[in-house]
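Here the structure is laid out as structure tokens; the discussion comes afterwards.
The values are calculated or read from the model by the stated rules, or taken from the named source; none is laboratory data. Note that this is a predicted model, so its numbers are computed, not measured. Glycine also receives a Cβ, built like all others from the backbone with ideal geometry; neighbour counts cover every protein chain displayed. With ligands, DNA and RNA removed, areas are computed over all heavy atoms of the protein, side chains included. Shrake-Rupley method; radii C 1.70, N 1.55, O 1.52, S 1.80 Å.
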Amino acid sequence: MLRATAIVRKAAIRPDSVADTVTLDHAGRQGAAAILTGAGGVSFTLALAKAASIEDGDAFRLEDGRLVTVRAAAESLLEVRAENPARLLRLAWQFGGNHVPAEIGADVLYVPTTSANAELIRGQGCAATPVSRAFKPEREAHDHSQCGHDHAHDQGHDHSHAHDHGHAHDHADHGHANHGHAHVHGPDCKHDH
């Protein structure tokens, strides 16, 4: 069976190299090993060197050079609205603290449909409407899957710096010179240092 070992981002796809399309939900777009079959019948094993988030419109590169584009599947979500932006912002902060994936719009949040999420939404005085749509949540604050460099943290430098939890810090002071993004660490961040 063919293997897909690389991701081609949407902007770099040439339409003449696309062989098929596969539709995946949010969990399926996280790059875990799987056997997939496209709408046109192309079957392949997903064998990425390391798991990476795949966005709607990206593609898997097969060993023979052909591409299989990825479409985001419709999922059962809660569309969350509030009477004022502060209430919605507070709820988004709580979802983040609970590691609940959330898609953030100007005046709306989309979260997976679960009883725990529905209870939290009600408890914060917000309104939730069930919807079915593609789910494109924000990346985690420490997701480095598209920043272009490895964060193995085994370069032999000291990581004894303090984290002022909830505040961004720049890693430039310990060997990741100027990679252009801050890292936010909450009290239970699980980010290896």
Which of (1) in a loop (DSSP other than H, G, I, E, B); (2) in contact with a Ser or Thr (Cβ under 6 Å, 6 or more places away or on another chain) is the odd one out, the single condition THR69 does not satisfy? (1)
Answer with yes or no whether ASP107 is open to solvent by less than 50 Å² (accessible area, probe 1.4 Å) and among the acidic types (Asp, Glu). no
Restricting region 46-66 to residues that are open to solvent by less than 30 Å² (accessible area, probe 1.4 Å) and assigned to a strand (DSSP E or B), the residue that is nearest to ARG133 (Cα to Cα): ALA59
Could you list all residues from region 46-87 that are touching a Cys at 6+ places or on another chain (Cβ under 9 Å) and small (Gly, Ala, Ser)? ALA82
Checking ALA86 against (1) more than 16 Å from the chain's Cα centre (by Cα); (2) over 30 Å from CYS126 (Cβ atoms), the condition it does not meet: (2)
Pairs returned, first residue in region 93-118 that is free of Cβ contacts under 8 Å to residues at least 24 places away in the same chain, second residue that is open to solvent by less than 60 Å² (accessible area, probe 1.4 Å), beta-carbon separation under 8 angstrom, 6 or more apart or interchain, are ASN98/LEU120; VAL100/VAL111; VAL100/PRO112; VAL100/ASN117
By residue number, the members of region 67-78 that are open to solvent by 50 Å² or more (accessible area, probe 1.4 Å) and aliphatic (A, V, I, L, M) are ALA74
Determine whether ASN98 is over 18 Å from PRO137 (Cα atoms) and at pLDDT below 95. no
Residue list for region 20-44, restricted to those being open to solvent by 40 Å² or more (accessible area, probe 1.4 Å) and either of a type in the set (A, V, I, L, M, F, W, C) or in contact with a strand residue (DSSP E or B) (Cβ under 6 Å, 6 or more places away or on another chain) (or both): THR21, THR23, ASP25, ALA27, ALA32, ALA33, ILE35, THR37, ALA39, GLY40, SER43
Restricting region 111-133 to residues that are open to solvent by less than 30 Å² (accessible area, probe 1.4 Å) and not in a helix (DSSP H, G or I), the residue that is farthest from ALA74 (Cα to Cα): CYS126
